[in-house]
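K.L.:
Mind looking over this structure? Questions follow.
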Amino acid sequence: MSDELSSAARALLKSEPTLAQLIDFVHTYDPTAQLRASWGERFEPRRDYLLGRVQDMLFLGKEFPGNHAEIVLCMAYCVTTAPYLGVAPAQVQRYLSSLLRELAT
């Protein structure tokens, strides 16, 4: 899955992806259901931990301790929660684009 995600991310980054394209990408590769089933009661604490680590990666340059699917999990959480938190669409687009670039490496 990691190679497929990287390849799809690189393809999408050939042009500046729109917010709609980024959301479609997230919906296509969203691992939330699989990870929830796999992690069970550890899902929410693990997801919250990963959300913090993805922030550290983007804003502090730290290495992300997870895999590509876990980055997409963080992207999916953003797509799901941003409208309810009042986050501006342009800000969501920048955040998702930054994570997409990480997937492309």
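Only the coordinates and a few stated rules stand behind these numbers; no lab work does. This one's a predicted model, so the numbers in the text were calculated from it and none came from an experiment. Positions of Cβ are backbone-derived with ideal geometry, glycine not excepted, and every protein chain shown enters the neighbour counts.
K.L.:
So if we plug the beta-carbon distance of HIS27 and GLU63 into 1/(1 + (r/R0)^6) with R0 = 41 Å, what FRET efficiency do we get, rounded to 0.05?
P.N.:
The pair HIS27/GLU63 has a calculated efficiency of 0.90.
K.L.:
What translational diffusion coefficient, in µm²/s and rounded to a whole number, does the Stokes-Einstein relation yield for the chain at 25 °C and a viscosity of 0.890 mPa s, taking the hydrodynamic radius as the Kirkwood radius over Cα pairs?
P.N.:
177
K.L.:
Under unit Cβ charges (Lys, Arg +1; Asp, Glu -1), what dipole magnitude, rounded to 20 debye, does the chain have relative to its Cα centre?
P.N.:
Dipole magnitude for the chain comes out near 140 debye.
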